[in-house]
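Here the structure is laid out as structure tokens; the discussion comes afterwards.
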Amino acid sequence: EAFIRFENVEKIYGSGEGAVRALHDASFTIGKGEICVIVGPSGAGKTTLLNILGGMDTLTSGRVFLNDREVSAFDRRQLADYRRRDIGFVFQFYNLIPNLTALENVELASQIVRDSLPAPQVLTDVGLGERMRNFPAQLSGGEQQRVAIARALAKKPSLLLCDEPTGALDYATGKQILALLQDQSRKNGMTVVIITHNSALTAMADRVIGIRNGTVAYARLNEHVTPVE
Ligand code: ADP
Ligand code: ADP
């Protein structure tokens, strides 16, 4: 059964002459525990879709469900709770706090929710057990992204949303980051949705959704998912 369901989602920014229809007739489902990659040209509506799914933006019409809860019917407070408890976010440029160590960056996030994973444990899990006292500037891009992933994982989100998580990394490092996401998803049954321009990454996805001109151009399930080495 579907974990995520978009039903005829429409998003219009602005109004009148300057209105931009960023999404229209967007319908798809994603199963629980799947890794889903969203691809498509610049301006197609990928970030808008991710922001709506993450409760960071509201929609103009249509409906969005997560685990049979109607996210599109949430009020502001429910959306804030949803962002905090259910969703983990990973961005292209890590968004770490520069004057806090890796450990402190993760602790800051885990303090926000009850029943979070201990920061040292989750940092060890992403391969940074020896580096957790370092500041972001002392870490490589791939290591900084691992901290950002650890920060997202600490609160045990049911859904991890990633916007170009490998966009600032070289190919080999990018593959390591994806292997980490794949590993974490398999271990925890966590659903992962990733926006990427990197078409090589679609081989490791369970599902690929192509967005074009504000709507779903195609959605397919991969029969043979390639483990990232
Ligand atoms: P796309 O989703 O097609 O990459 P975006 O609107 O996300 O398009 O990005 C437009 C531009 O902004 C790109 O040049 C991209 O590198 C840059 N960009 C994307 N994400 C961020 C970010 N979090 N912070 C700063 N710049 C970004
Ligand atoms: P992508 O992530 O695929 O590059 P976006 O979702 O960022 O696409 O953008 C889809 C369309 O919506 C683009 O035409 C973009 O310019 C427009 N758009 C995105 N965010 C805003 C906003 N806050 N205000 C107005 N237009 C926006």
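The values are calculated or read from the model by the stated rules, or taken from the named source; none is laboratory data. This is a predicted model, so every value here is computed, not measured. Positions of Cβ are backbone-derived with ideal geometry, glycine not excepted, and every protein chain shown enters the neighbour counts. Surface areas here come from the heavy atoms of the whole protein model, side chains and all, with no ligands, DNA or RNA. Shrake-Rupley method; radii C 1.70, N 1.55, O 1.52, S 1.80 Å.
Listing for the model above:
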quantity: Over 23 Å (Cα to Cα) - which of Lys32/Lys155; Lys11/Lys175; Lys11/Lys155; Lys46/Lys155; Lys11/Lys156; Lys46/Lys175 fall in this group; calculated: Lys11/Lys175; Lys11/Lys155; Lys46/Lys155; Lys11/Lys156
quantity: Relative contact order [Cα under 8 Å, 6+ residues apart], segment 99-225, whole percent; calculated: 20 percent
quantity: Fraction of beta bridges assigned by DSSP in the chain that are antiparallel (%, nearest 5); calculated: 55 percent
quantity: Cα gyration tensor shape of segment 47-92, rounded if a/c is under 1.5, else prolate or oblate by comparing a/b with b/c; calculated: oblate
quantity: Antiparallel %, DSSP beta bridges [both residues in segment 101-220], to 5; calculated: 50 percent
quantity: Relative contact order for the chain, counting Cα pairs under 8 Å that sit 6 or more residues apart, in percent; calculated: 27 percent
quantity: For Thr58, residues with placed amide H under 5 Å, excluding near neighbours; calculated: none
quantity: Solvent-accessible area, 1.4 Å probe, carbon plus sulfur percent, for segment 52-142; calculated: 48 percent
quantity: Listed peptides 30-38, 110-118, 170-178, 86-94 by packing density, highest first (mean Cβ within 10 Å); calculated: 30-38, 86-94, 170-178, 110-118
